[in-house]
Amino acid sequence: MKKNYCFWFCKTFLIVFTVVIYNNVSAQDQTVKDMLAKAMKEIKKEKIDSGKAWKTGGLFNLNLGQGSQSNWAAGGDDFSLSIASYLGFYSFYKKDKYSWDNTIDFNYGLVNTTSLGTRKNDDRIDLLSKFGYALSPKLDAAALFNFHSQFSKGYNYKSDGTKDLLSDFLAPAYLLVSFGLNYKPVKGLSIFVSPVTSRWTIVNNDTLSAKGTYGVTPGKKVKNVLGAFASMTYLTDLNKTITYNGRLDLFSNYEHNPQKVDVMMNNIFTAKLSRLLTASLSLSLIYDDDVKLFGPNHDSPALQLKSLLAAGLGVKL
């Protein structure tokens, strides 16, 4: 800190000295003017950068859709209403060789129709925290923590009107602690790789845990495994109005079928239509060999896909 003050003092002294000489010289030397302007910009930049170790912010999106009809010959539901919401916060710390990146995302959506009633079409909680120590300008030794779950119960709706419980709050929930290397080859791209990762699967619902859903031992609510983990995130502006935010997580369980890698991928394209209006397209893919809820007998794993196209209110926090 003392070095910075000395540096700023020396620069300020040189600037004042230059100004005095400049004011006592009748000829207006453009070179002296340029040097003065450049020095002032550098001092301002250093003062601003030195006080911004933390960068925080967030985003809130609310998208609505509504439809109605009466005596419509083509048929369909008389009324439909859909609501999709997103709330995200970030907090990034960077000083000297230390960095700490934190993000938390909440997604929740509902669809209501006269024939089907109310059902959720999106439900996610995701917390990611990553601490790094710089080994080089583009490579960090890092520790990562991730928590993933949902807010409310989810069901498999059958054609006969009945439904089966598939999920609940903390059922499942995934808690992951990982140590490895974080590589940042270009702006916006981060690649984290770890050979030492501990992952807990939590099923805090008696009905689901009794069935051994999500890979836990029947009757147990927590399962811990050791494996390898990789996470890639990419955030970029495709043009002046469209941004892309993507994340891919890969996990291999050392203890059981390590060749069957769990995959979780989220992609979001956001277009800014005006100061408050946005349009977004999201695509999510999940494959987990322990989630055996699909197929004719609902006992097989499968690739899970979900997409959502929406437009509505978007506010930066």
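The values are calculated or read from the model by the stated rules, or taken from the named source; none is laboratory data. Note that the coordinates shown come from a computational prediction; the quantities given were computed from them, not determined experimentally. Ideal geometry is used to build each Cβ from the backbone, glycine not excepted, and the neighbour counts take in all protein chains shown.
Considering PHE92, PHE151, PHE106, which residue is surrounded by fewer than 18 Cβ atoms within 10 Å (Cβ to Cβ) and over 15 Å from the mean Cα position of the chain (by Cα)?
Details: PHE92 fails: over 15 Å from the mean Cα position of the chain (by Cα); PHE106 fails: over 15 Å from the mean Cα position of the chain (by Cα).
It is PHE151.
Quick check: anything in region 283-292 part of a strand (DSSP E or B), touching a residue at least 24 places away in the same chain (Cβ under 8 Å) and farther than 24 Å from LEU175 by Cβ?
yes
MET264 fails exactly one of the following numbered conditions: (1) closer than 20 Å to LEU110 by Cβ; (2) surrounded by 16 or more Cβ atoms within 10 Å (Cβ to Cβ). What is the number of that condition?
Every condition holds for MET264 apart from (1).
Looking at ALA271, ALA310, ALA210, ALA279, which is the one that is assigned by TED's automatic domain parsing to the domain that holds SER91, of a type in the set (Gly, Ala, Ser) and more than 21 Å from SER85 (Cβ to Cβ)?
Working: ALA271 fails: more than 21 Å from SER85 (Cβ to Cβ); ALA310 fails: more than 21 Å from SER85 (Cβ to Cβ); ALA279 fails: more than 21 Å from SER85 (Cβ to Cβ).
Sole residue among the options that is assigned by TED's automatic domain parsing to the domain that holds SER91, of a type in the set (Gly, Ala, Ser) and more than 21 Å from SER85 (Cβ to Cβ): ALA210.
So ALA310 passes all but one of these: (1) in contact (Cβ under 8 Å) with a residue 40 or more places away in the chain; (2) outside any strand (DSSP E or B); (3) in contact with a Gly (Cβ under 8 Å, 6 or more places away or on another chain); (4) aliphatic (A, V, I, L, M). Which condition number does it fail?
For ALA310, the failing item is (2).
I'd like the full set of residues that are exposed (fewer than 15 other Cβ atoms within 10 Å of the Cβ), touching a strand residue (DSSP E or B) at 6+ places or on another chain (Cβ under 8 Å) and under 14 Å from LEU59 (Cα atoms), limited to region 273-317.
LEU276, LEU277, LEU313, VAL315, LYS316, LEU317
Kindly indicate whether any position in region 198-205 is closer than 28 Å to ALA134 by Cα and either surrounded by 15 or more Cβ atoms within 10 Å (Cβ to Cβ) or touching a strand residue (DSSP E or B) at 6+ places or on another chain (Cβ under 9 Å) (or both). Break it down into steps so the answer makes sense when it comes.
First, the residues of region 198-205 that are closer than 28 Å to ALA134 by Cα: 198-199.
Filter again for either surrounded by 15 or more Cβ atoms within 10 Å (Cβ to Cβ) or touching a strand residue (DSSP E or B) at 6+ places or on another chain (Cβ under 9 Å) (or both), leaving 198-199.
The answer is yes, given that some residue of region 198-205 is closer than 28 Å to ALA134 by Cα and either surrounded by 15 or more Cβ atoms within 10 Å (Cβ to Cβ) or touching a strand residue (DSSP E or B) at 6+ places or on another chain (Cβ under 9 Å) (or both).
Quick grid of which residues meet (1) out of contact with any Pro (no Cβ under 6 Å at 6 or more places or on another chain); (2) closer than 25 Å to LYS221 by Cα; (3) modelled with pLDDT of 95 or more; (4) of a type in the set (S, T, N, Q):
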| position | (1), (2), (3), (4) |
| --- | --- |
| LEU139 | yes, no, yes, no |
| ASN146 | yes, yes, yes, yes |
| SER149 | yes, yes, yes, yes |
| LYS163 | yes, yes, no, no |
| ALA173 | yes, yes, yes, no |
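Looking at region 162-186, which of the residues that are closer than 30 Å to HIS298 by Cβ and among the aromatic types (Phe, Trp, Tyr) is surrounded by the most Cβ atoms within 10 Å (Cβ to Cβ)? Before you say what the answer is, go through the steps one by one.
Going through region 162-186, the residues closer than 30 Å to HIS298 by Cβ turn out to be 162-176.
Retained after the next criterion (residues that are among the aromatic types (Phe, Trp, Tyr)): 169, 174.
Numbers: PHE169: 14, TYR174: 19.
The qualifying residue surrounded by the most Cβ atoms within 10 Å (Cβ to Cβ) is TYR174.
Considering (1) within 23 Å of ASN224 (Cα to Cα); (2) in contact (Cβ under 8 Å) with a residue 40 or more places away in the chain; (3) of a type in the set (Phe, Trp, Tyr), say which one PHE147 fails and leave the rest.
Every listed condition holds for PHE147 apart from (2).
Which condition number in (1) within 29 Å of ASN61 (Cα to Cα); (2) in contact with a strand residue (DSSP E or B) (Cβ under 6 Å, 6 or more places away or on another chain); (3) exposed (fewer than 15 other Cβ atoms within 10 Å of the Cβ) is the one that VAL222 fails?
(1)
Just one of the numbered conditions (1) modelled with pLDDT of 80 or more; (2) surrounded by 13 or more Cβ atoms within 10 Å (Cβ to Cβ) is not true of GLN66; which one?
So the condition that GLN66 fails would be (2).
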